[in-house]
Amino acid sequence: MTAAFPTLTRAGEGRYAIPVTKELAVGPPGHAYLFGGATLALAFEAAADATGRPIVQGALQFVSFTPLGATLDLAVEVLQAGKTLAQVRVTGSVQDRLVFHAGVALGQRDGFAAQQWAEAPRVAKPAACPPCTTLPAQDDAARLLDGIEVREAGPAKPSPGRTLLWLRRRDGAPLDTASLAMFADFVPLALGRATGQAGGGNSLDNAMRMVRTAPPGWCLCDIAINAAESGFAQGSVSLWDEAGKLLATGAQSLLVKA
């Protein structure tokens, strides 16, 4: 249906379906499932298609994993739709079993000048940065990470809890909402680096606030693991284009791996 997810099909008014293929899956050997960032991206795609409006922000809470080979059914319920803003609820299920629910705001207001006060971190250009060699081991059928090029953008010894990465889609896709939602889900990798546990943890939620999209290119992913307590951690992420324009911000809560 879309360039980002061509197999996402309409199954009725406000209803969509997509098979979870290996290109959408991540996970350690023996446990392949739908990438959390792709789940958020799909919720955004369905909400935007149902309302005809661009994404402002969204927050998704995971109830369960969506396994490789399953068909994910999405339902969009419009809670309110005014002249400039629509608010919707998106739910995802597998064979009538709820796997996530999300709240999404969509809209656009004309006549306001673009402004930015935040500054991008000062890092080397992608061409001067080495490839990331510490991505977690994946199941043979989990191929989503194969489609993303990852380079280390930070110093050899970054500040505790902080990870800087350059990311781009190998298929040349733009830095659209779908791509940014997937890039924002590298927070668990940063948690793993902070705690010394491969894979870091499992996302309990996934939230993103859009600023703008951008043409194909590299995206600087600045991740901060802020704290962990009682087996749960909190992380935030900022996404920038190569020119230093802020594209989106995100945040997650995670279940820390033992």
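The values are calculated or read from the model by the stated rules, or taken from the named source; none is laboratory data. None of the values given here were measured: they were computed from a predicted structure. FYI the Cβ positions are ideal-geometry reconstructions off the backbone, even for glycines, and counts take in every protein chain you see. When the accessible area is computed, the model is the full protein with side chains, heavy atoms only, and any ligands, DNA or RNA have been set aside. Shrake-Rupley method; radii C 1.70, N 1.55, O 1.52, S 1.80 Å.
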Identify the residue in segment 12-31 that is open to solvent by less than 20 Å² (accessible area, probe 1.4 Å) and part of a loop (DSSP other than H, G, I, E, B) and, among all such residues, is nearest to Asn202 (Cα to Cα).
-> Gly27
Are there any pairs with C-beta distances below 7 angstrom linking a residue in segment 122-144 that is of a type in the set (S, T, N, Q) to a residue that is not in a loop (DSSP other than H, G, I, E, B), with the two at least 6 apart or on different chains, and if so which?
-> Gln138/Val26; Gln138/Leu145
Which of the residues belonging to segment 142-177 are more than 14 Å from Gly37 (Cβ to Cβ), open to solvent by less than 30 Å² (accessible area, probe 1.4 Å), at pLDDT 95 or above and not in a strand (DSSP E or B)?
-> Ala153
Considering each of Gln87, Gln116 in turn, give the residue that is under 22 Å from Met208 (Cα atoms), open to solvent by less than 90 Å² (accessible area, probe 1.4 Å), part of a strand (DSSP E or B) and of a type in the set (S, T, N, Q).
-> Gln87
Would you check which residues across segment 60-83 are in contact (Cβ under 8 Å) with a residue 12 or more places away in the chain, open to solvent by 60 Å² or more (accessible area, probe 1.4 Å) and outside any strand (DSSP E or B) and list them?
-> Val63, Phe65, Leu68, Gly69
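Out of Ala224, Ala214, I need the residue that is touching an Asp or Glu at 6+ places or on another chain (Cβ under 6 Å), over 16 Å from Thr39 (Cβ atoms) and at pLDDT 95 or above. Which one?
The match here is Ala214.
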Yes/no for Pro6 being open to solvent by less than 70 Å² (accessible area, probe 1.4 Å) and closer than 28 Å to Gly147 by Cα | no
Return the residue satisfying two criteria in turn: it lies in segment 96-113 and is under 24 Å from the mean Cα position of the chain (by Cα) and farther than 21 Å from Asp205 by Cα, and of such residues it is least open to solvent (accessible area, probe 1.4 Å).
-> Gly107
So Ala38, is it of a type in the set (A, V, I, L, M, F, W, C) and assigned to a strand (DSSP E or B) | no
